[in-house]
Amino acid sequence: PPDNTAPGSLGIRCTQINLHHAAHANLSLEQWMHSSKMDVGLLQEPYLSRNKVSGFKDFNVFRGATFGKIRAAVITKKSVNAWLLNQFSDPDQVAISIKMKNKTIVLASVYMPYDSIDPPPSNLLKNLVKFCKEKRFEILISTDANSHHTSWGSSNINHRGEKLLEFILSNELFILNQGSQP
């Protein structure tokens, strides 16, 4: 999987990937994270076994629900001092906080369902961004947005993409895609 963040920008190395619920993808990711020395994996659609994110024996696994259709998770090396932000987590969004030397950062893995009645972002994500602004925490949001906009490499623009871009701009967030790959 690609490394979608600038190394050193947060003091940790992280990556994002949609695993499409495939067991082999989980195993490949775990091996790749070891070999590339990644600290954090921000996952969408992880493989589930008995309704549990499985396959990451050497990592802490954070998920926002104990049951249901879990579509977001975060994995961290055991050495990363992280904790789940329950109030900002559900089956489609997992938010963790990491204590660094002199600051706290928040990482969120978010799955935005394409068949949602309302366009993205969810109220839970809006509340998380508001919380981080109030606390002056840095935030990195990793998402499978199921939204199209040329601003992040799509070849077209849809209503979901327009609404998501409005949210990004109105909250002074930045798109960190590398190149034109969605």
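Annotations for the structure displayed:
- Within the stretch 49-68, considering residues that are open to solvent by 40 Å² or more (accessible area, probe 1.4 Å) and at pLDDT 90 or above, the one farthest from the chain's Cα centre (by Cα): ASN60
- PRO119 meets all of the listed conditions (1) under 16 Å from GLN44 (Cβ atoms); (2) surrounded by 13 or more Cβ atoms within 10 Å (Cβ to Cβ) but one, namely (1).
- Scanning the stretch 160-180 for residues that are over 11 Å from SER147 (Cβ atoms) and of a type in the set (A, V, I, L, M, F, W, C) returns LEU169, LEU173, PHE174, ILE175, LEU176.
- Some residue of the stretch 125-135 being outside any helix (DSSP H, G or I) and either over 18 Å from LEU176 (Cβ atoms) or of a type in the set (S, T, N, Q) (or both): no
- Candidates VAL106, VAL40 - the one that is in contact with a strand residue (DSSP E or B) (Cβ under 6 Å, 6 or more places away or on another chain), open to solvent by less than 30 Å² (accessible area, probe 1.4 Å) and touching a residue at least 40 places away in the same chain (Cβ under 8 Å): VAL40
- Filter result (farther than 27 Å from LEU125 by Cβ and open to solvent by less than 60 Å² (accessible area, probe 1.4 Å)) within the stretch 19-29: ALA23
- The stretch 59-68, residues that are more than 18 Å from ALA22 (Cα to Cα), part of a loop (DSSP other than H, G, I, E, B) and of a type outside the set (Gly, Ala, Ser): THR66, PHE67
- Members of the stretch 76-93 found to be open to solvent by less than 50 Å² (accessible area, probe 1.4 Å) and in contact with a helix residue (DSSP H, G or I) (Cβ under 9 Å, 6 or more places away or on another chain), listed by number: LEU85, PHE88, SER89, ASP92, GLN93
- Qualifying residue in the stretch 144-155 (condition: more than 14 Å from the chain's Cα centre (by Cα), of a type in the set (Val, Ile, Thr) and buried (at least 18 other Cβ atoms within 10 Å of the Cβ)): no
- Only residues that are assigned to a strand (DSSP E or B) and of a type outside the set (Ser, Thr, Tyr) were counted in the stretch 69-122, giving 20.
- Only one of the numbered conditions (1) open to solvent by less than 20 Å² (accessible area, probe 1.4 Å); (2) closer than 29 Å to LEU169 by Cα; (3) of a type in the set (A, V, I, L, M, F, W, C); (4) at pLDDT below 90 is violated by ILE98, and that is (4).
The values are calculated or read from the model by the stated rules, or taken from the named source; none is laboratory data. Values in this document were obtained by computation on a predicted structure and should not be read as measured data. Note that each Cβ is placed from the backbone with ideal geometry, even for glycine, and that neighbours are counted across all protein chains shown. In case anyone asks, the SASA skips ligands and DNA or RNA and just uses the protein heavy atoms, side chains included. Shrake-Rupley method; radii C 1.70, N 1.55, O 1.52, S 1.80 Å.
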